[in-house]
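*Asks:* Below you'll find the structure I mean.
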Amino acid sequence: MSAKHLLSIDDLDRDGIERILDRAASFAEVADREIKKVPALRGRTIVNLFYEASTRTSSSFELAAKRLSADVVSIRASSSSVTKGESLKDTIQTLSAYDPAAIVIRSPHAGAAGLVAGWTDAAVVNAGDGKHEHPTQALLDVFALRERLGSLDGVRIWIVGDVLHSRVARSDILAFTRMGAHVTVSGPPTLIPRGIEALGCNVEPTLDRLPEADVVYVLRMQQERMSEAYVPSLREYAMRYQIDRDRLQPHQVLMHPGPVNRGVELSADVIDSPQALIVQQVEAGVVVRMAVLYELLAGAAGKPRPEGQLPEHERARGSLVGAGVIR
Ligand code: NCD
């Protein structure tokens, strides 16, 4: 990764994405071992700062940092404590006193991770900022898809549902198209942001042409971000857009970032079908986040050290290469 932070998929070109995925694949070998830890970030501190509910993202970032042997501080705060940008800044300044190598931040405010990057010397990883972006989710989605399909080149991916409020959709459109896929977004017109085509996707207001898709990526209805009624009712939404046995074709791969509203955007039978990649997406979360932290802190973008002084993580890297853990 050439940039110091991971704030958006726009920070990465195709080579950068592939580099992270290849690194993640080497960490997947470690995940299969009984002892799942490597010494790459020993002695370095990672702060996870979550101002929004999270199960998968926060647990996998914590596990990723621990498996790299970093010291981890995980802080959960309610969004009400950060209603003003100033208080977030104070928090970052306080935490920066611990000299963290990285700060992982989830916030309900679009652009929060970018602000944090301006207030700290640490590498900043965006773990979801409002409805803006969620780059590590997109990377793990590409990783899980690549494992299933081999390549995304020419693959037709439909992203279905509440695109308007979805940071996952925005990051996925960028990552999937960068990896050579053709992306179509579909959902009720009230939930498709105007001008979304500028990200490189097509828009289909109905599911009539859904059978043409190779991959159906379903989004959660983000009711916590809806200040008004965007659909007449969830029942009505489900009738028109729920992915169920009738709508999902046997050749299609099914994805969802979780958490799923069972019976709303997905029917129970497709969630548990072998076509679903949902569990593999969660599994990919740990190794992909290990790879992101590794690339930012120990890879080419890691902090420069004085000449002749081999940093701890480079020694660790040497032993990892020697042990065949990483390439
Ligand atoms: C997503 C998120 O938080 O944006 N979840 C996740 O990170 N696994 C999607 C969602 O909440 O719907």
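*Asks:* When the expected Rg is taken as 2.2 N^0.38 Å, what fraction or multiple of it is the alpha-carbon Rg of the chain?
*Replies:* For the chain, the normalised Cα radius of gyration is 1.00.
*Asks:* Please report the carbon-and-sulfur percent of the accessible area for the chain; probe 1.4 Å, protein heavy atoms only, DNA, RNA and ligands left out.
*Replies:* 50 percent
*Asks:* Output wanted: per-residue J couplings in Hz (rounded whole) for region 269-283, from phi through Karplus 6.51 cos²θ - 1.76 cosθ + 1.60, θ = phi - 60°, x for Gly and Pro.
*Replies:* 5, 6, 4, 9, 7, x, 6, 6, 10, 5, 5, 5, 4, 5, 4
*Asks:* For the charge dipole of region 135-280, defined by +1 on Lys and Arg C-beta atoms and -1 on Asp and Glu C-beta atoms about the Cα centroid, which residue among ALA169, VAL260, PRO211 has the Cα displaced farthest towards the positive pole?
*Replies:* ALA169
*Asks:* Continuing with this model, one more query. For a quick check of your reading of the filter: which trypsin sites (Lys or Arg not before Pro) in region 71-171 sit in a DSSP loop and have no more than 10 other Cβ atoms within 10 Å?
*Replies:* When the trypsin sites (Lys or Arg not before Pro) of region 71-171 are filtered for loop state and at most 10 Cβ neighbours within 10 Å, LYS84 remain.
*Asks:* Looking only at GluC sites (Glu not before Pro) in DSSP loops with at most 15 other Cβ atoms within 10 Å, what is the longest site-free stretch of the chain?
*Replies:* It works out to 35-227.
*Asks:* Along Cα→Cβ, 7 Å out, is where each label goes; now give me the distance between the ones at ASP13 and SER59 in nm to one decimal.
*Replies:* Going by the 7 Å Cα→Cβ label model, 3.8 nm.
*Asks:* Now for a separate question. Could you name the lysines in cross-link range of LYS89, using Cα to Cα under 25 Å and dropping any fewer than eight places away on the same chain?
*Replies:* Partners within reach: LYS4, LYS131, LYS303.
*Asks:* Return the sequence-ordered ³J(HN,Hα) values of region 155-162 in whole Hz as given by the Karplus equation 6.51 cos²θ - 1.76 cosθ + 1.60 applied to θ = phi - 60°, using x for Gly and Pro.
*Replies:* With coefficients 6.51, -1.76 and 1.60, one gets 6, 9, 10, 9, 9, 10, x, 7 Hz.
*Asks:* Further question on the same structure: Please report, in debye to the nearest 20, how large the charge dipole of region 135-280 is about its Cα centre when each Lys and Arg carries +1 at its beta carbon and each Asp and Glu carries -1 there.
*Replies:* My answer is approximately 220 debye.
*Asks:* Sticking with this one: Tabulate in residue order the Karplus-calculated ³J(HN,Hα) for region 168-180, using 6.51 cos²θ - 1.76 cosθ + 1.60 with θ = phi - 60°, rounded to whole Hz; enter x for Gly and Pro.
*Replies:* Using θ = phi - 60°, the values come out as 5, 4, 4, 5, 5, 4, 5, 6, 5, 5, 4, 8, x Hz.
*Asks:* Indicate, rounded to the nearest 5 percent, the antiparallel portion of the DSSP beta bridges found entirely in the chain.
*Replies:* 5 percent
*Asks:* Continuing with the same structure: List every residue whose amide H lies under 5 Å from the amide H of HIS182, counting only residues 5 or more places away in sequence or on a different chain, with H placed 1.01 Å from N in the peptide plane.
*Replies:* Those lying under 5 Å, H to H, from HIS182 are GLY154, VAL155, ARG156, ILE157.
*Asks:* Sticking with this structure for a sec: Taking amide H positions as placed 1.01 Å from N in the peptide plane, with prolines and chain starts having none, which residues 5 or more places from VAL104, or on another chain, fall under 5 Å of its amide H?
*Replies:* HN-HN under 5 Å from VAL104: VAL47, ASN48, LEU49, VAL125.
*Asks:* Shifting gears a bit: Loop only per DSSP, at most 16 neighbouring Cβ atoms within 10 Å: give me the trypsin sites (Lys or Arg not before Pro) in region 22-53, ordered by residue number.
*Replies:* Here the sparse-neighbourhood loop sites are ARG33, LYS36, LYS37, ARG42.
*Asks:* Give me, ordered by chain and number, the residues 5 or more places off VAL203 or on other chains with an amide H under 5 Å from its own placed amide H.
*Replies:* Under 5 Å from the amide H of VAL203: VAL185.
*Asks:* Using a 1.4 angstrom probe, figure out how much accessible area the chain has per residue, in square angstrom, rounded to the nearest whole.
*Replies:* Ligands and nucleic acids excluded, the result is 43 Å² per residue.
*Asks:* Please work out how much length the chain gains when fully extended from ALA198 to GLU228, using 0.36 nm per residue of separation minus the C-alpha to C-alpha distance, in nm with one decimal.
*Replies:* Using 0.36 nm per residue and subtracting the Cα-Cα distance, I get 8.2 nm.
The values are calculated or read from the model by the stated rules, or taken from the named source; none is laboratory data. Keep in mind that what you see is a predicted model, and the values were worked out from it rather than measured. Positions of Cβ are generated from backbone atoms using ideal geometry, with glycine treated the same way; all protein chains shown enter the neighbour counts. Quick note on the areas: whole protein, heavy atoms, side chains included, nothing else; ligands and nucleic acids left out. Shrake-Rupley method; radii C 1.70, N 1.55, O 1.52, S 1.80 Å.
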